[in-house]
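Dumping the structure here so I can ask a few things about it.
The values are calculated or read from the model by the stated rules, or taken from the named source; none is laboratory data. Worth saying up front: this structure is predicted, and the values here are computed from it rather than measured. All Cβ positions, glycine included, derive from the backbone under ideal geometry; neighbour counts span all protein chains shown. Remember, those area values only see protein heavy atoms, side chains included, never the ligands or the DNA or RNA. Shrake-Rupley method; radii C 1.70, N 1.55, O 1.52, S 1.80 Å.
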Amino acid sequence: MMQTSSRPYISDVDIAGLVCVRASANPDRPVFIDGADGSWVTWHDVVAEAGKLTEHGRAADSRRRSVLGLLLSRPTAFCSSYLAALAAGMCVVPLDARSTAEELSKIVASLALDTVIVDEVGDDRLDALVSLGVDVLDTNGARQVGRKDRVERHAGAPTRGPAVILATSGTAGRPKFVPLSEEQLLYGAAQVSRHHQFSEEDRGYCPLPLFHINGQVVGILSTLVSAGSLVVERRVQRDRLWDTVERTGATWLNLVPALLAVAAESSPAQDLSSRVRFARSASSALPEPVRRRFESVCGVGVLETYGMTEAAGQITANPLRPELRRPGSAGLPVGIDLRVVGKDGETEAPPGSMGAVEIRGPSVVRHYLLPGCEPSRLPARTAAGWLRTGDLGALDADGFLYLAGRSDDVINRGGEKVYPREIEEVLLSDPRVTSAAAVGRPHPTLGAEPVAFLTTSVDRGSREAIALLAELGSACATALSRYKRPVELRVTDALPTGATGKVARQLLSHQVAGGVGAG
């Protein structure tokens with residue numbers, strides 16, 4: 001059963017035009033606020049930086065769109081430079097500020113960067129960029145550190161290209177890059193703003209990495225579209241998360257399941273239910289025990305969503321009205337077509353049946369870029385125009401999507417499919433379990449068997465911890481069929497995660513395959 005969503009008309013407007021409109025109406029209004037130190041960036045600041053980048057791009061090479069990397073640790077600097085560069089007509093490549101010199105060199109070579117804006121960068125990384133012929137601009141004074149002639153290196157490069165290029169993982173370790181146009185970015189941001197009913201009175205709280213699509217579209221660009229404001233942070237401080245939310249006047253929270261679990265460790269000092277409209281959950285499937293715990297402790301409702309880089313952010317979201325949300329579901333499609341197909345990859349699965357999730361729509365990427373940039377393209381969609389997300393899920397009779405996990409995370413135990421989320425939900429039902437992840441361990445006859453890693457609030461090695469493991473084993477025996485039950489429970493200090501809080505399952509799988517304990 002294919003699900004579609006109404007697509008409101010998107011007016012013929014670009015990012016440069018929207019930035020100018022916002023600056024004309026409220027030039028000195030703080031739009032991006034640093035949650036750590038309270039510093040901010042105004043619309044006037046964004047326009048001023050856009051003017052400087054426009055002149056720099058013309059001076060560098062007037063014949064083609066300049067490719068600009070953002071290597072910025074300060075979140076307000078990232079927000080300002082991101083919008084300014086897009087308004088200046090540049091192609092933006094957001095970079096992880098933690099990247100090593102070797103990693104940066106690979107990106108520069110793959111995407112032919114002209115310029116990189118930096119703020120807190122060591123000499124080794126600076127030298128690597130300059131040696132590759134890249135202009136380096138320092139945000140502290142827009143100071144050009146190094147430059148070489150790049151005309152020959154970019155000979156034949158297109159005059160038009162994507163507005164943003166983002167890295168994503170590929171099969172067999174082959175890197176791929178997702179090119180998104182300005183139209184796709186604005187379409188995605190408009191869908192978020194419309195669905196969430198953002199207005200200029202709204203102020204988001206976004207402690208997520210800004211070099212990922214969520215922080216850019218749900219955070220920065222939906223703020224541009226709605227004329228609101230956004231609180232950003234370099235990293236979350238567990239002991240002052242709620243203090244930051246209260247102090248900055250945030251009206252909605254942009255979080256991931258791991259951060260919801262952290263936030264539920266303490267309650268706000270004051271009742272925020274009348275001001276904070278919802279906590280948005282994205283990045284990975286939200287375990288139901290985490291949602292219940294957060295709402296019970298914090299008094300703020302959770303709006304579960306689902307998205308990906310290839311869709312310019314959001315794909316589905318639960319209804320804004322709390323009574324219409326469905327716990328455990330990622331919601332309904334928003335501005336996009338979605339279907340679940342069976343084993344043949346073509347026939348739509350009936351309601352309630354598990355299958356592969358596919359999407360199509362204006363925001364969905366049409367092709368990937370391989371190293372070498374524009375000349376090397378890899379189609380992203382099928383012949384029928386659908387993009388296979390790599391996720392498994394089911395649609396109910398009303399079109400709500402229920403995700404089971406990534407297709408490559410499924411554990412095949414003697415032909416029986418074990419979905420890690422089912423195990424994790426059981427473990428997380430105990431409030432003493434703070435995080436959990438199930439992976440497959442190689443088995444000589446069955447192929448694989450499930451092993452679960454978990455972190456707890458009790459001391460490892462204590463009597464309480466031993467009793468907890470016994471209770472969890474009993475809970476799994478009660479709630480799960482025999483083939484789904486983990487053969488081992490491993491307590492660890494922390495689960496390995498990526499920048500967005502997703503569990504790095506490959507690292508855990510490597511540990512169990514090699515017989516190395518996580519603790």
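Could you tell me whether LEU253 is touching a strand residue (DSSP E or B) at 6+ places or on another chain (Cβ under 8 Å), closer than 30 Å to PRO179 by Cα and hydrophobic (A, V, I, L, M, F, W, C)?
When the stated conditions are applied, LEU253 passes them.
Looking at (1) of a type in the set (S, T, N, Q); (2) open to solvent by 10 Å² or more (accessible area, probe 1.4 Å); (3) over 26 Å from PRO30 (Cα atoms), which is the only condition THR248 fails?
So the condition that THR248 fails would be (3).
Within region 212-232, how many residues are open to solvent by 10 Å² or more (accessible area, probe 1.4 Å) and touching a helix residue (DSSP H, G or I) at 6+ places or on another chain (Cβ under 8 Å)?
Count: 5.
Please go through region 453-475 and give me each residue that is aliphatic (A, V, I, L, M) and open to solvent by 40 Å² or more (accessible area, probe 1.4 Å), ordered by number.
Those that are aliphatic (A, V, I, L, M) and open to solvent by 40 Å² or more (accessible area, probe 1.4 Å): ILE466, ALA467, LEU469, ALA470.
Name the residues in region 442-452 that are surrounded by fewer than 19 Cβ atoms within 10 Å (Cβ to Cβ) and assigned to a strand (DSSP E or B), would you?
Answer for region 442-452, where residues must be surrounded by fewer than 19 Cβ atoms within 10 Å (Cβ to Cβ) and assigned to a strand (DSSP E or B): PRO442, HIS443, GLY447.
Looking at LEU338, LEU403, which is the one that is part of a strand (DSSP E or B) and at pLDDT below 95?
LEU403
Search region 251-268 for residues being polar (S, T, N, Q) and in contact with a Lys or Arg (Cβ under 6 Å, 6 or more places away or on another chain), and hand back the single one that is surrounded by the most Cβ atoms within 10 Å (Cβ to Cβ).
ASN254
Can you list residue pairs whose Cβ atoms sit under 8 Å apart, with the first residue in region 490-511 being farther than 13 Å from ASP409 by Cα and the second being charged (D, E, K, R) and open to solvent by less than 50 Å² (accessible area, probe 1.4 Å)? Count only pairs 6 or more apart in sequence or on different chains.
ALA499/ASP96
Tally time: how many residues in region 195-206 are of a type in the set (A, V, I, L, M, F, W, C) and assigned to a loop (DSSP other than H, G, I, E, B)?
Residues meeting the conditions: 1.
Do we find a residue being under 23 Å from SER81 (Cα atoms), touching a residue at least 60 places away in the same chain (Cβ under 8 Å) and not acidic (Asp, Glu) anywhere in region 234-253?
yes
Looking at region 382-393, I want the residues that are of a type in the set (Phe, Trp, Tyr) and surrounded by 13 or more Cβ atoms within 10 Å (Cβ to Cβ) and have a partner that is part of a strand (DSSP E or B) and at pLDDT below 95 with Cβ atoms under 6 Å, at least 6 apart or on another chain. Which pairs are those?
If the second residue must be part of a strand (DSSP E or B) and at pLDDT below 95, no pairs are left.
I would also like to ask the following. Report yes if some residue within region 474-492 is over 11 Å from ALA438 (Cβ atoms) and either in contact with a Phe, Trp or Tyr (Cβ under 7 Å, 6 or more places away or on another chain) or at pLDDT below 90 (or both); otherwise report no.
Yes, some residue in region 474-492 is over 11 Å from ALA438 (Cβ atoms) and either in contact with a Phe, Trp or Tyr (Cβ under 7 Å, 6 or more places away or on another chain) or at pLDDT below 90 (or both).
Given the condition open to solvent by less than 10 Å² (accessible area, probe 1.4 Å), touching a residue at least 24 places away in the same chain (Cβ under 8 Å) and small (Gly, Ala, Ser), answer yes or no: does some residue in region 334-348 qualify?
Within region 334-348, one or more residues are open to solvent by less than 10 Å² (accessible area, probe 1.4 Å), touching a residue at least 24 places away in the same chain (Cβ under 8 Å) and small (Gly, Ala, Ser).
Per-residue answers, yes or no, for (1) out of contact with any strand residue (DSSP E or B) (no Cβ under 8 Å at 6 or more places or on another chain); (2) within 17 Å of GLN197 (Cα to Cα):
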residue	(1), (2)
ARG277	no, yes
ALA282	no, no
GLU288	yes, no
GLY307	no, no
PRO319	no, yes
ARG325	no, yes
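Considering every residue within region 36-43, establish whether at least one is within 27 Å of GLY249 (Cβ to Cβ) and either among the basic types (Lys, Arg) or part of a helix (DSSP H, G or I) (or both).
Yes, some residue in region 36-43 is within 27 Å of GLY249 (Cβ to Cβ) and either among the basic types (Lys, Arg) or part of a helix (DSSP H, G or I) (or both).
Does TYR368 satisfy the condition of being in a strand (DSSP E or B) and out of contact with any Gly (no Cβ under 7 Å at 6 or more places or on another chain)?
Here the answer is yes, as TYR368 does meet what is asked.
Considering every residue within region 71-85, establish whether at least one is more than 20 Å from the chain's Cα centre (by Cα), aliphatic (A, V, I, L, M), outside any loop (DSSP other than H, G, I, E, B) and crowded, with 24+ Cβ neighbours inside 10 Å.
yes
Turning to a different aspect of this structure: Looking at this structure, is SER284 at pLDDT below 90, closer than 30 Å to HIS367 by Cβ and not in a strand (DSSP E or B)?
yes
Residues being touching a Leu at 6+ places or on another chain (Cβ under 6 Å) and either touching a residue at least 40 places away in the same chain (Cβ under 8 Å) or open to solvent by 60 Å² or more (accessible area, probe 1.4 Å) (or both): count how many of those fall in region 269-284.
So the answer is 2.
Test each condition in (1) surrounded by 18 or more Cβ atoms within 10 Å (Cβ to Cβ); (2) over 25 Å from TYR205 (Cα atoms); (3) hydrophobic (A, V, I, L, M, F, W, C) for LEU95 and report the one that comes out false.
(2)
Report yes if some residue within region 310-321 is farther than 30 Å from ALA380 by Cα and in contact (Cβ under 8 Å) with a residue 40 or more places away in the chain; otherwise report no.
There is at least one residue in region 310-321 that is farther than 30 Å from ALA380 by Cα and in contact (Cβ under 8 Å) with a residue 40 or more places away in the chain.
Another one. Suppose we keep only residues that are part of a helix (DSSP H, G or I), open to solvent by 20 Å² or more (accessible area, probe 1.4 Å) and modelled with pLDDT of 95 or more within region 149-186. Which one would you say is nearest to PRO371 (Cα to Cα)?
GLU182
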